[in-house]
Amino acid sequence: MCEYVLKTEGLGISFGGLRAVDGVELRVRKKQIYGLIGPNGAGKTTVFNMLTGVYQPTRGTFYLDGEELKGLSQDKINQKGIARTFQNIRLFNNMTVVRNVMVGFHNLPKYKCSFIDSIFRTKRHRDTERAMRARAKEILSIFGLLDERNLLAYNLPYGKQRKLEIARALATNPKLLLLDEPAAGMNPQETSELMETIRFVRDKFDMTILLIEHDMSLVAGICDELTVLNFGQTLACGETSEVLKDPEVVKAYLGD
Amino acid sequence: MSAFIVKFKNIKWKRYTNYIGISLVLLVFTVLTLADSLPQSTLFLLEKIGISIILSISLGLVVGFLGELSLGHAGFMCIGAYIGGKTAELLSDVGVEGIFALLISVVVGALTAAVFGFIVGLPALRLKGDYLAIVTLAFCEIVKTAFENSSKESFGGPMGLRTPRFDKHYLFIIIFSFILVCLAVMQNLIRSKHGRAITAIRDNEIAARATGINVTKYKLLAFIISAAFAGVAGVMYSFANSTVAASAFDYNYSIEILVMVVLGGMGNITGGIISATVITFLNVKLTTMLTGDNAVLKDLVYALILVLIVIYNNAPALKYVRERYNIRALTDKIFKKRSDVSYDTDDEGKWDRVPTKIKMDELLSVDVVVRESVIDPDKEGKE
Ligand SMILES: Nc1ncnc2c1ncn2[C@@H]1O[C@H](COP(=O)(O)OP(=O)(O)OP(=O)(O)O)[C@@H](O)[C@H]1O
Ligand SMILES: [Mg+2]
């Protein structure tokens, strides 16, 4: 087995003349909660976009469990095992909560069911639909969303929308989960609840998690390791407690 | 026996509203024709309505469920009408006629339209909103012009293609049977994982990709199925009329189909059926009522009625009336109250309804459709 779930080598991208991200080296181990932090505009989301195939890196490459995924399309990368959430929540707003999660099962071999099966409502179709719904309810109950399963997604309160996005990402059965500012817009109580959820997900699903966050209490609370980006470049990386003490990091965050 | 009753009560009747409605209409009118009590004009009206319903359901897949704006649906219908009509003509030359010839023509017409659905679907992968609308509009015009300029021997040229007659008394039965087929395909598709993938693309394409949906595949699938059924409607049209003239399939017609979908409510199949019926009925009645000098009034009255419908559907002041008296409330009343078994509502195959994204004024003039972004393109490439 490979030592690192996610490994990037000199990952970088330019937009026109702007080097938005340059030479990022991430080493994420199995079952780790790994933090990616940095000031606004540092290039954190851009790293996520490269890891999920939204942008093609112009330099460097990345590996999931030793397999190079650079150049694959977004849906292929998801099938290989990287799932994500978005900085501004992106749910399937006009679909019910339970169906949002069920979309996540789309590629699982367990729920394979051809177009023809569906049109003729064969036994295979009915069985997989039932199984998917049951599994979706299980996942929703983990996130405390079971009672809201018949609501349209946009009717959920903000905090629950964030949770639903994580639930949907987990439904795709990923090896690596990318969370882009999961605590954004949450009050302290919701944030601490979220921390519990993230830890729980790691333990229950044996999940490896890479997360972007501005909330330092959350970062200090749950991240095992950190990488700090500034102007697209790595400023520091290593154990959370040490990185947060690094004078360079403090300077980047507080300004001179 | 009691087990049977429990099972019967457990059936989620609401799922079958559309089938039951269409079948009832079919049954009543079949009995009436058999009793020979239907005038020719009613049969004609039924055929037209049936064809509109197929068109409305099929365009509903692309506009209501996939969320793409297509202004070329009449083009696919045109292809179905010409190819289906020509096939029937060739078949009658070799002595194949009647229902058998009709079925072969339907298959050929639908497949040809499906191929063009694929071709038009390809740019749909790159274009959004108004740009796609322009491409589909152009497609419709190209198809129309191509058939108009065909040689007399091939597709009849500007005079149109003469099509073999089909026994007029029974054509509407066949058309309504095809509505049932169309309904079965659409509803089963929408209530499956494949349908969920399509609605997911509509709701948030970026998230759909990130969730592992092959967007290319499902956009093409939706376009192909939608075009195939428009092709079926076209073949039915060619059997219902003695000539097929390309000039009938202009963009006004495409827009009329779009109006049916939008008035019915996006992503609402039942609504699409009802609005197709009402609009076609209005159109035919107004055409027969307003003749001679009054013919110019037709468009005016038609537009006025559409405006009133839109006001009824959207005016805040009428909210109470709307909530009290609508089809959904009616079916709820009939089907839910009678069964004492409580519903697991999430199992109802609830359709996802979108608030109407396309506005009426954009529909009434093509210029506006072209100028304004109809479906908000997800502009932000980055977060
Ligand atoms: N598609 C793009 N075209 C041009 N520039 C881009 C694009 N995407 C990102 N950038 C630029 O890359 C830089 C990094 O942006 P990014 O969104 O990754 O920052 P971030 O670290 O996520 O910041 P925040 O904390 O505000 O979310 C910014 O300067 C941004 O303007
Ligand atoms: Mg960001």
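The values are calculated or read from the model by the stated rules, or taken from the named source; none is laboratory data. On a predicted model such as this, the values are computed, not experimentally measured, just so you know. Here the Cβ is made from the backbone with ideal geometry for all residues, glycine too, and neighbour counts use every protein chain on show. The area values use the complete protein model at the heavy-atom level, side chains included, leaving out ligands, DNA and RNA. Shrake-Rupley method; radii C 1.70, N 1.55, O 1.52, S 1.80 Å.
Within 10 Å of each Cβ in A:68-75, how many Cβ atoms from other chains are there, averaged over the peptide? Show your work: numbers first, answer last.
On the way: counts 0, 0, 0, 0, 0, 4, 9, 10.
So the per-residue partner count for this stretch is 3.
If you plug each phi of the range B:109-119 into the Karplus form 6.51 cos²θ - 1.76 cosθ + 1.60 with θ = phi - 60°, what whole-Hz ³J(HN,Hα) values come out, in order, with x for Gly and Pro?
For the range B:109-119, the Karplus curve yields x, 5, 5, 4, 4, 4, 4, 6, x, 4, 5 Hz.
Using θ = phi - 60° and the Karplus relation 6.51 cos²θ - 1.76 cosθ + 1.60, list the HN-Hα couplings for the range B:188-198 in order, rounded to whole Hz, with x at every Gly or Pro.
Working through the residues one at a time gives 5, 5, 4, 8, 10, 4, 5, x, 4, 4, 5 Hz.
Could you give the longest part of chain A that holds none of the trypsin sites (Lys or Arg not before Pro) found in DSSP loops with at most 15 neighbouring Cβ atoms within 10 Å? Please report the intermediate quantities before stating the final value.
On the way: sites that count: A:Lys31, A:Lys112, A:Arg121.
Result, exposed sites excluded: A:122-256.
Cα extents of the range A:1-73 along the three principal axes, largest first, in whole Å?
Taking the Cα atoms of the range A:1-73, the three principal extents are 39, 27, 18 Å.
Take the alpha carbon atoms of the range B:160-225, find their center, do the same for the range B:233-299, and report the distance between the two centers in whole angstrom.
A separation of 20 Å, based on Cα centres.
Would you please classify the overall shape of the range B:19-277 from the alpha carbon gyration tensor, given that a ≥ b ≥ c denote the square roots of the eigenvalues, rounded means a/c under 1.5, and beyond that prolate means a/b larger than b/c while oblate covers the rest? Each step should come with its number before you reach the end.
On the way: a/c = 2.00, a/b = 1.34, b/c = 1.49.
Since a/c reaches 1.5 but b/c is at least a/b, the shape of the range B:19-277 is classed as oblate.
Let me make sure I get this right: for the range B:1-136, a, b and c are the square roots of the gyration tensor eigenvalues over alpha carbons, sorted descending. Under 1.5 in a/c it's rounded, otherwise prolate if a/b > b/c, else oblate. Which is it?
Numbers: a/c = 2.09, a/b = 1.20, b/c = 1.74.
Oblate, because a/c is 1.5 or more while a/b does not exceed b/c.
What list of ³J(HN,Hα) couplings, whole Hz, do you get for the range A:120-137 from phi and the Karplus terms 6.51, -1.76, 1.60, once you set θ to phi - 60° and write x for glycine and proline?
9, 6, 6, 4, 4, 4, 5, 5, 5, 4, 5, 5, 4, 5, 5, 5, 4, 5
Residues of the range A:77-99 that become at least 40 Å² less accessible with every protein chain present than in their own chain isolated, using 1.4 Å: which are they?
The answer is A:Phe86, A:Asn88, A:Arg90, A:Phe92, A:Asn94, A:Met95, A:Arg99.
I'd like to know how the protein assembly as shown sits against the 2.2 N^0.38 Å rule of thumb: what's its Cα Rg over that expected value? Show your work: numbers first, answer last.
Details: Rg = 28.1 Å, N = 639, 2.2 N^0.38 = 25.6 Å.
The reported ratio for this selection is 1.10.
How about the range A:131-240: which chymotrypsin sites (Phe, Trp or Tyr not before Pro) there lie in a loop by DSSP and see at most 16 other Cβ atoms within 10 Å?
Numbers: sites: A:Phe143, A:Tyr154, A:Tyr158, A:Phe200, A:Phe205, A:Phe231; in loops: A:Phe143, A:Phe231.
Sites meeting the loop and neighbour criteria: A:Phe231.
By how many degrees, 0 to 90 and rounded to 10, does the Cα axis of helix A:188-205 deviate from the longest principal axis of chain A?
70 degrees
Could you give the dipole magnitude of the range B:19-277 about its Cα centre, charging the beta-carbon of Lys and Arg +1 and that of Asp and Glu -1, in debye to the nearest 20? Walk me through the numbers before you get to the answer.
Numbers: 16 positive and 15 negative charges, 150 e Å.
Result for the range B:19-277 is approximately 720 debye, rounded to the nearest 20.
Please find the FRET efficiency linking A:Arg126 to B:Leu111, where r is the Cβ-Cβ separation and R0 is fixed at 30 Å, and quote it to the nearest 0.05.
After rounding, the FRET efficiency stands at 0.55.
Picking from A:His125, A:His214, A:His106, which is most flexible by a Gaussian network model of chain A using Cα springs under 10 Å?
Greatest mean-square fluctuation among the candidates belongs to A:His125.
Could you work out, for the range A:93-171, what percent of all Cα-Cα pairs fall into each 10 Å distance bin, beginning at 0 Å and stopping at the bin that holds the largest distance?
Calculated P(r), rounded to whole percents: 20, 48, 26, 6.
I need two numbers for chain A: Rg to one decimal and Dmax as a whole number, Cα atoms only, in Å.
Radius of gyration, then largest Cα-Cα span, for chain A: 18.9, 67 Å.
Please sort by residue number the trypsin sites (Lys or Arg not before Pro) in the range B:77-134 whose DSSP state is loop and whose Cβ has at most 10 other Cβ atoms within 10 Å. All intermediate terms of the calculation are to be shown ahead of the outcome.
Numbers: sites: B:Lys86, B:Arg126, B:Lys128; in loops: B:Arg126, B:Lys128.
Hits after loop and neighbour filter: B:Arg126.
First measure r as the distance between the Cβ atoms of A:Lys31 and B:Arg126, then evaluate 1/(1 + (r/R0)^6) with R0 = 35 Å and state the FRET efficiency to the nearest 0.05.
Working: r = 41 Å, r/R0 = 1.16.
Rounded to the nearest 0.05, the efficiency is 0.30.
If you roll a 1.4 Å probe over the heavy atoms of the protein chains, what accessible area per residue do you get for the protein assembly as shown, in Å²?
Working: 27940 Å² over 639 residues.
Roughly 44 Å² per residue, with all protein chains present.
May I ask for the accessible area buried between chains A and B, both sides summed, probe 1.4 Å, to the nearest 100 Å²? Can you show the working numbers first?
Details: alone 12520 and 19130 Å², together 27940 Å².
In total, chains A and B hide about 3700 Å² from solvent.
Using 26 Å as the Cα-Cα cut-off, could you pick out the over-long pairs in A:Lys7/A:Lys251; A:Lys163/A:Lys245; A:Lys123/B:Lys7; A:Lys44/A:Lys160; A:Lys204/B:Lys219? Kindly include the intermediate steps, with their values, before the conclusion.
On the way: A:Lys7/A:Lys251 28 Å; A:Lys163/A:Lys245 31 Å; A:Lys123/B:Lys7 18 Å; A:Lys44/A:Lys160 24 Å; A:Lys204/B:Lys219 36 Å.
Checking Cα-Cα distances, A:Lys7/A:Lys251; A:Lys163/A:Lys245; A:Lys204/B:Lys219 exceed 26 Å.
Just the Cα atoms of the range A:170-256, one point each, no solvent: what log10 I(q)/I(0) does Debye give at q = 0.11, 0.14 Å⁻¹?
-0.34, -0.54
Could you please state how large a percent of the accessible area of the protein assembly as shown is carbon and sulfur, counting protein chains only and using a 1.4 Å probe?
Working: 16690 of 27940 Å².
For the protein assembly as shown, the apolar C and S fraction of the accessible surface comes to 60 percent.
Normalised by the empirical 2.2 N^0.38 Å for globular proteins, what value does the Cα Rg of the range A:205-256 take?
Details: Rg = 11.5 Å, N = 52, 2.2 N^0.38 = 9.9 Å.
Relative to the 2.2 N^0.38 Å estimate, the range A:205-256 comes out at 1.16.
Dividing the convex hull volume of the alpha carbon atoms of the range B:99-244 by its residue count, what do you get in Å³ per residue?
Numbers: hull volume 17.0 nm³, N = 146.
Considering the Cα atoms of the range B:99-244, their hull volume per residue is 117 Å³.
Would you mind finding the longest exposed-site-free stretch of chain A, with exposed GluC sites (Glu not before Pro) meaning DSSP loop and at most 15 other Cβ atoms within 10 Å? Don't jump to the answer; show the numbers that get you there.
On the way: sites that count: A:Glu3, A:Glu25.
The reported range is A:26-256.
Counting other C-beta atoms within 10 Å, and keeping those with at most 15, which DSSP coil trypsin sites (Lys or Arg not before Pro) do you find in the range B:133-163?
Details: sites: B:Lys144, B:Lys152, B:Arg162; in loops: B:Lys152.
Within the range B:133-163, the qualifying trypsin sites (Lys or Arg not before Pro) (loop, at most 15 other Cβ atoms within 10 Å) are B:Lys152.
In a Gaussian network model over chain A where Cα atoms closer than 10 Å are linked, find which of A:Ile37, A:Ile119, A:Ile198 has the largest mean-square fluctuation.
Its mean-square fluctuation being the largest, the pick is A:Ile119.
Binning at 10 Å from 0, report for the range A:30-127 what percent of all alpha-carbon pair distances ends up in each bin.
Computed distribution, short to long bins: 12, 33, 33, 17, 5, 1.
Is the C-alpha gyration tensor of the range B:182-221 telling us rounded, prolate or oblate? Criteria: a/c under 1.5 is rounded; beyond that, a/b larger than b/c is prolate, otherwise oblate. Working shown, then result.
Working: a/c = 2.60, a/b = 2.08, b/c = 1.25.
The shape class here is prolate.
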